[in-house]
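Everything on this sheet refers to the single structure shown next.
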């Protein structure tokens, strides 16, 4: 800061902080702010908006809130610019509850939300998947005649895709086109995700044609969605045709794409399994080899576990659980329970699955909420065997035993994990019953569990 024997006045000081902030010279801006906090100069709303923006860009979201609180303590009234920056910051921080609070403050203070306000709200609710709040903001914008751009429409459609709101997505997609906004590749990707996850083949194909007419070629995301769609409909020849399109378009299959092929295999009739197996082999030879060991039962040398371990070492951490879930589901489909148990044990060893089985002095629990149906049934089988071994060893079970399947149904599934497990537990004539006050939990007592396990032991002995 130049010095000519004169100190800057309040206006000059505020301008200097703003200049440093916009130039990216954060240290100088914050240094001036620290001097101002001693009471040397008066801080105004413009200065505070700059400071909050600096902290937002730096990713220091708590810093944004601290500056906001100091501003209020000094009696400086927030304006719409400050609120808009805070909305964007809290959206980036994935704190939708604070977003809602600041939006209510805007209304309570008599300020009129601007397009920037609504855009920040939509992005924030989109990141947090707050569907109801996002749709409310969308309707409010439409009522006020505030036109959405392609980015905001895509944000809303992404929420629809993530939450499985098919009808809303179609309505918004049509509204987008009627408003004169041209869909881009991200728009089409969201629509493909929605139709493919629901198995709506004709809608997906119509969207593909519409995308071609708009001048876009399918990318890896769209081809993945199409394969998922054809897989759900068990149109395996179309799965293969779509797979071959990757190479026609010079697109390299990624881990997510290969995971989708694995998922298709769990839905493919056994007599057609060789078709997707060949696709997997071509897309990822290491994965293809592991799949062939399962499907063709070629593990005479007993190297399956080593090959599976090498596979998980070679893929990204984000897809490990999806791969392991699908491979276990494939084992269950092929009536290979022993191999499924081997894979689940490997998943636990490699910490692909964590906290599946937990014990306290009062309750032992089986936590299935991150597992696929096949993996969940496999974990239940192993847990039941472990409980039986505990009794055989003369140890005591806790007063309560529980199985946690998580909250509700999968967004695109007619049958959530809780429903699948409930049916299976009834088949086993187990004493576990859904807890009325704990969604997704099935509970039983020590006495009931011991009696059931003893009866199963007797039944198994007779069968033998």
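All of the numbers you see were taken from the coordinates with simple rules; none came from a lab. Nothing here was measured: the structure is a model prediction, and the numbers come from that model. Cβ sites come from the backbone with ideal geometry, for glycine too, and all protein chains shown count toward neighbours.
A full extension of the chain between residue 70 and residue 428 corresponds to an added length of 122.7 nm, given 0.36 nm per residue minus the alpha carbon distance.
Compute the relative contact order of the stretch 86-242 as a whole-number percentage, counting only Cα pairs closer than 8 Å that sit 6 or more residues apart in sequence. Mind dumping the intermediate values first?
Working: 166 pairs, mean separation 24.1, N = 157.
The value is 15 percent.
Compute the helix-to-body angle for 150-163: its Cα long axis versus the longest principal axis of the chain, expressed 0 to 90° and rounded to tens. Long axis of 150-163 versus the principal axis of the chain: about 30 degrees.
Suppose we keep just the DSSP beta bridges with both residues in the stretch 329-414; what percent of those would be antiparallel, to 5? Display every interim value, and only then the final one.
Values: 3 of 8 bridges.
Of all bridge pairs located within the stretch 329-414, approximately 40 percent are antiparallel.
Once the C-beta distance of residue 101 and residue 400 is scaled by a Förster radius of 45 Å, the resulting FRET efficiency is 0.70 to the nearest 0.05. For the chain, the equivalent ellipsoid built from the Cα gyration tensor has semi-axes of 51, 31, 22 Å, listed from largest to smallest. Alpha-carbon geometry of the stretch 143-270: the Rg and the Dmax are 15.1, 55 Å, given in that order.
Dividing the mean sequence gap of close Cα pairs (under 8 Å, 6+ apart) by how many residues the stretch 258-344 holds gives a relative contact order of 30 percent.
In this label model, residue 348 and residue 80 are separated by 5.9 nm, measuring between points 7 Å along each Cα→Cβ vector. For the chain, calculate the relative contact order in percent as a whole number, restricting contacts to Cα pairs under 8 Å that are 6 or more residues apart. Here the relative contact order equals 6 percent.
What is the helix-to-structure angle for 61-73, meaning the angle in degrees between its Cα long axis and the longest Cα principal axis of the chain, kept from 0 to 90 and rounded to the nearest 10? In the chain, helix 61-73 runs at an angle near 40 degrees to the longest axis. Between 0 and 90 degrees, rounded to the nearest ten: what's the tilt of helix 255-265 against the longest Cα principal axis of the chain? Approximately 40 degrees, to the nearest 10. The distance linking the stretch 200-249 with the stretch 105-182 is 28 Å (Cα centroid to Cα centroid, whole angstrom).
Listed peptides 84-90, 215-221, 95-101, 44-50 appear in the order 84-90, 44-50, 95-101, 215-221 once ranked by packing, highest mean of other Cβ atoms within 10 Å at the front.
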